[in-house]
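The values are calculated or read from the model by the stated rules, or taken from the named source; none is laboratory data. Values in this document were obtained by computation on a predicted structure and should not be read as measured data. Positions of Cβ are backbone-derived with ideal geometry, glycine not excepted, and every protein chain shown enters the neighbour counts. Quick note on the areas: whole protein, heavy atoms, side chains included, nothing else; ligands and nucleic acids left out. Shrake-Rupley method; radii C 1.70, N 1.55, O 1.52, S 1.80 Å.
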2 protein chains.
Amino acid sequence: MTYQEMPAVRGGSALVALADPTRRALLDMLRGRPLPVGELARQLPVSRPAVSQHLKALKAAHLVHEHRQGTRHYFSLNPSGFAELRRYVDSMWENALTTFAAYVSDQQDIQRTRRRDR
Amino acid sequence: MTYQEMPAVRGGSALVALADPTRRALLDMLRGRPLPVGELARQLPVSRPAVSQHLKALKAAHLVHEHRQGTRHYFSLNPSGFAELRRYVDSMWENALTTFAAYVSDQQDIQRTRRRDR
DNA sequence: AGTTAAGGTGAGCTATGACTTACCAAGAGA
DNA sequence: TCTCTTGGTAAGTCATAGCTCACCTTAACT
């Protein structure tokens with residue numbers, strides 16, 4: 001890697017985390033309320049350890065938050081990871097819009113020139 | 001996979017695409033203006049075919065847009081992929097905020113109860 | 001037509017990431 | 001204290017994503 005990653009998304013760990021469908025499913029289950037590991041695992045086609053490992057990744061990416069209550073480990077959505085992602089996606093989106101607009105007006109210039117030359 | 005992926009992000013291909021650091025670097029290079037494949041490859045530590053393959057993935061995810069001019073293939077940011085991502089991230093972020101708020105007020109209830117019982 | 005520039009595709013290699021099984025730790029309750 | 005529940009960790013397996021090299025196509029220029 002000779003290029004240093006742009007400011008982008010602090011290491012991109014959130015994006016890496018979101019690339020996995022099982023992890024996205026976990027996040028979707030947590031939309032409503034905090035849920036313990038076992039309950040999450042029960043609704044997924046993978047083993048509990050797998051879920052545990054996924055939650056670890058999501059936590060490292062600041063996408064979920066853990067609070068324990070006895071032996072139960074509850075996980076809930078963590079706004080901070082999503083807030084950061086929002087900033088990244090928004091800025092890319094804005095850049096996309098402006099370069100797209102520039103492209104469109106360039107095309108219009110080309111069309112005009114062609115009509116004139118015909 | 002017994003669980004069907006939630007509405008989420010139409011197959012999640014954009015998220016998968018964004019998980020790779022080289023692809024994120026490509027997108028960052030395209031923030032300013034459309035660029036041809038060779039120019040992109042020259043600034044990256046990977047071969048031109050690798051860049052070609054990455055661009056293919058980005059295009060499939062509607063994150064870039066291709067327009068050819070002679071033998072040159074120009075790539076530019078495509079707003080549509082980012083717009084879709086924005087919707088997904090925004091909705092997750094909102095859910096995160098509300099469940100977080102609920103969690104905080106629950107904790108306050110618990111604190112109050114403890115104080116009362118002491 | 002021959003040649004050069006630009007870029008996509010296919011085959012094969014390798015590293016890594018998602019899974020499983022087996023095991024260990026720690027609260028809760030008898 | 002014994003045991004049942006809940007969950008994290010380690011080790012090993014397997015599939016796949018990202019890379020390179022070699023090759024083919026197409027447009028531009030002589």
task: Give a residue-ordered list of calculated ³J(HN,Hα) values for segment B:53-70 (Karplus: 6.51 cos²θ - 1.76 cosθ + 1.60, θ = phi - 60°; whole Hz; x for Gly, Pro).
output: 5, 5, 4, 4, 5, 5, 5, 4, 8, 6, 9, 10, 9, 10, 9, 9, 8, x
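Other chains near B:30-37: what is the mean number of their Cβ atoms within 10 Å of each residue's Cβ? All intermediate terms of the calculation are to be shown ahead of the outcome.
On the way: counts 4, 8, 4, 5, 5, 0, 0, 0.
The mean count of partner-chain Cβ atoms within 10 Å per residue comes to 3.
Rounded to the nearest 0.05, what FRET efficiency do A:SER52 and B:GLU94 give with R0 = 30 Å and r taken as the Cβ-Cβ distance? Could you check?
Working: r = 27 Å, r/R0 = 0.90.
Taking R0 as 30 Å, the efficiency between A:SER52 and B:GLU94 is 0.65.
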field: Peptides ranked, highest mean first, by Cβ atoms within 10 Å: ranges B:87-97, B:20-30, B:38-48
entry: B:20-30, B:87-97, B:38-48
task: With θ set to phi - 60°, apply the Karplus curve 6.51 cos²θ - 1.76 cosθ + 1.60 along segment A:28-44 and write out the HN-Hα couplings as whole Hz, x wherever there is a Gly or Pro.
output: 5, 5, 8, 4, x, 7, x, 9, x, 3, x, 5, 5, 5, 4, 9, 10
Position A:SER91, label points 7 Å along Cα→Cβ, spacing to each other copy in nm (shortest first, one decimal): 2.6
message: Give me the inter-chain shielding for A:71-82: mean count of other chain Cβ atoms within 10 Å, whole number please.
response: 4
Chain B residue with Cβ closest to the axis mapping B onto A, distance in whole Å: B:ALA19, 2
- prompt: Between A:VAL64 and residues 5 or more places away or on another chain, which pairs have amide H atoms under 5 Å apart, with H built 1.01 Å from N, and which residues are they?
  reply: A:LYS59, A:ASN78
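Find the sum over both chains of the accessible area lost when B and A are paired, probe 1.4 Å, and report it in Å² to the nearest 100.
Working: alone 8730 and 8710 Å², together 13130 Å².
The contact between A and B buries close to 4300 Å².
For the pair B:ALA102 and A:GLU39, what calculated FRET efficiency results from E = 1/(1 + (r/R0)^6), where r is the Cβ-Cβ distance and R0 = 22 Å, to the nearest 0.05? Please report the intermediate quantities before stating the final value.
On the way: r = 17 Å, r/R0 = 0.79.
E between A:GLU39 and B:ALA102, to the nearest 0.05, is 0.80.
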